[in-house]
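The values are calculated or read from the model by the stated rules, or taken from the named source; none is laboratory data. Just so you know, these numbers come straight off a predicted model, no measurement behind them. Here the Cβ positions follow ideal geometry from the backbone for every residue, glycine too, while neighbour counts run over all protein chains shown. Ligands, DNA and RNA are excluded from the accessible area calculation, which covers all protein heavy atoms including side chains. Shrake-Rupley method; radii C 1.70, N 1.55, O 1.52, S 1.80 Å.
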Amino acid sequence: MSSLAAIGIGFLAAAQWALLAYFAALSLLYLALNVLAFRAVRGTAIGDGPAMTRHPYSGLEPPVSLLLPAFDVELSIAASVRSLLQLVYSEFELIVISDGSHDGTLAAMTDAFDLQPTPYSLSGAIPTALVRSVYTSRQFPNLRLIDKENGGHADALNAGINAARYPLFCAVAVDSIFERDSLRRLVRPFQEDPHMIAAGGTVRPFNGCRVTDGFLESVALPHKVLPLIQIVETLHAFVFSRMGWSSLNAVLILAGAFGVFRRASVIDAGGYRHSSHGTIGADMELVMRLHRLHRSAHLAGYQSARLAKRYRTLVDKVRRQSAAEFGDVLARAVAVNYAKLLAYKDEYEVARLFTDGRFEKQLKDRFDGDYTFSFHLAPPLLPSENDHLGRPKKKTFGPWMMKAFRVLAALRFVRGTPLDLFGRSAERRMERDLIAGYEKDVAFVLEKLSPQNIDTAVELLSLPDRIRGYGPVKDKSVADAKIRYAELAKDLVNPPPAPRQIAAE
């Protein structure tokens with residue numbers, strides 16, 4: 001056998017093992033996400049949640065603006081609009097954005113819905129391409145059409161956001177079919193949690209389903225193999241995986257064809273960005289900016305605006321130095337893990353969480369009449385015995401503890417200062433050391449970053465995600481993370497050879 005043939009066989013063998021490892025890891029990830037998704041669905045199904053979950057349709061749902069970007073869709077636009085206008089919802093408006101269409105899209109809408117020009121004044125909160133005119137339907141007062149110069153899908157959505165009247169907006173696609181109560185289902189998270197920023201609906205191919213006049217009549221599976229495989233992959237990507245990520249508060253993308261956002265939050269984030277900003281996926285990029293924006297807001301509430309600025313400064317630095325060559329992958333890792341380290345859960349944070357109003361609201365939602373409650377805590381300043389795992393045994397405190405929590409929450413500004421009595425414990429000192437160490441790690445990674453070690457860099461800066469628990473449990477997870485850090489730091493400086501190089505040797 002020639003050396004060239006041996007190299008080829010070695011390369012194929014390495015590639016096969018690499019593919020096998022990839023699919024094995026992917027399957028394990030899907031399995032873990034499916035378990036998390038099952039737990040989330042089971043909790044909702046058995047009523048483990050607010051009363052709103054069990055009685056979702058009150059007729060008092062918040063009003064929603066539906067945004068429908070359209071470009072050269074003369075043949076299908078009227079049917080899509082009719083389908084959306086028949087959604088079962090208490091109050092909504094539908095805004096069609098004709099993004100510089102060259103065909104008869106505007107004429108088709110005018111003929112079908114009796115549109116007339118309307119004086120308009122858009123907010124201008126997000127810069128967009130020139131808006132030429134706005135039309136309103138004489139048949140449906142909640143239907144408007146914006147005619148603008150072409151700026152792309154993201155620009156069309158931004159124009160719709162500027163025109164929207166309601167606090168929530170839902171981005172939809174022309175080629176989608178909706179169940180009539182789907183919007184009511186999608187808005188439920190906003191009713192249950194006033195802090196909700198965005199929610200995504202389930203999207204799947206309608207191969208095999210029966211559709212009549214733009215409405216789904218019955219759900220069925222296709223008879224061909226490839227569409228069946230497509231449906232399975234869609235269920236993985238759009239249903240189980242996102243429900244699993246949602247339970248970890250780590251959803252990275254919402255379906256562009258059906259996602260509801262809080263309008264004020266999207267405006268604060270600067271709206272959608274199109275390809276001229278170097279953006280590949282406008283939906284994912286927006287979600288990542290919303291994560292960063294609200295993590296920053298959380299840090300301001302956690303301690304101060306100064307801490308939030310410290311967070312934004314580091315994340316922006318990583319994005320500036322890595323985005324041109326590697327996209328947002330490194331900045332995303334830093335945004336998630338740096339926020340986790342900065343907002344470590346100490347005594348002040350526990351007090352703030354109990355007294356910010358949400359805990360008391362949950363009690364009122366779940367219990368009627370007179371009730372009492374108690375807290376099981378292990379205050380570090382009080383002497384306590386340890387359990388069999390070496391953790392301090394908890395003591396019981398009555399409802400009066402809420403008053404103490406309010407005082408403690410108000411004192412969170414002393415966190416990390418010489419006045420911080422709790423900050424002198426070994427665990428709190430370790431948490432501050434982790435923050436300082438992580439900032440040095442970011443500088444180290446940016447100095448050594450290259451195409452050969454980008455995966456290693458992302459894993460290294462994601463190590464804080466492995467840190468769990470408190471007391472001995474946390475100590476062990478930190479020790480394990482440090483062991484892995486030593487391995488990754490070595491690989492960052494001297495990247496291991498790629499599979500092709502191994503085969504060649």
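Descriptive notes on the structure:
- Inter-site label distance for VAL414 and LYS224 at 7 Å from Cα along Cβ, in nm: 7.1 nm
- A convex hull fitted to the Cα coordinates of the chain yields 215 cubic angstrom per residue.
- Percent carbon-and-sulfur accessible area, the chain, ignoring ligands, DNA and RNA, probe 1.4 Å: 59 percent
- Proximal lysines relative to LYS482, as straight alpha-carbon distance under 23 Å, when same-chain residues fewer than 8 apart are discounted: LYS340, LYS345, LYS440, LYS448, LYS474, LYS490
- Principal-axis analysis of the Cα atoms of the chain puts helix 282-302 at an angle of about 40° to the longest axis.
- When Rg and Dmax are taken over the Cα atoms of segment 428-475, they come to 12.8, 38 Å.
- Applying the criteria of a DSSP loop state and at most 13 other Cβ atoms within 10 Å to the chymotrypsin sites (Phe, Trp or Tyr not before Pro) of segment 287-377 yields PHE367, TYR371, PHE373.
- Computed over the alpha-carbon pairs of segment 336-457, the distance histogram in 5 Å steps reads 2, 8, 13, 17, 15, 13, 10, 8, 6, 4, 2, 1, 0 percent, short to long.
- For segment 56-158, the convex hull drawn through the C-alpha positions has a volume of 112 cubic angstrom per residue.
- Counting only residues at least eight positions apart within a chain, or on another chain, the lysines with an alpha carbon under 21 Å from that of LYS361 are LYS403.
- Ordering 189-201, 10-22 by mean Cβ neighbour count within 10 Å, with the highest value first, yields 189-201, 10-22.
- Residue-wise HN-Hα couplings along segment 21-37, as the Karplus relation 6.51 cos²θ - 1.76 cosθ + 1.60 with θ = phi - 60° gives them from phi, are 5, 4, 5, 5, 5, 5, 5, 5, 5, 4, 4, 5, 5, 5, 5, 4, 5 Hz; Gly and Pro carry x.
- Within the chain, longest stretch free of exposed trypsin sites (Lys or Arg not before Pro) [DSSP loop, at most 16 other beta carbons within 10 Å]: 1-137
- Ellipticity estimate at 222 nm from DSSP helix runs (n ≥ 4, -39,500 (n - 2.57)) divided over the chain, nearest 500: -16000 deg cm²/dmol
- Accessible solvent surface per residue of the chain, calculated while the other protein chains remain in place, 1.4 angstrom probe, Å²: 55 Å²
- For segment 454-468, 3J(HN,Hα) per residue [Karplus equation, 6.51 cos²θ - 1.76 cosθ + 1.60, θ = phi - 60°, Hz, x = Gly/Pro]: 4, 5, 4, 4, 5, 5, 4, 7, 9, 4, x, 5, 7, 7, 9
- Shape category assigned to segment 304-390 from the gyration tensor of Cα positions, a/c cut at 1.5: prolate
- Between segment 457-486 and segment 193-231, the Cα center-to-center distance that results, in Å: 40 Å
- Projected area averaged over orientations for segment 132-248, convex hull of C-alpha atoms, nm²: 10.2 nm²
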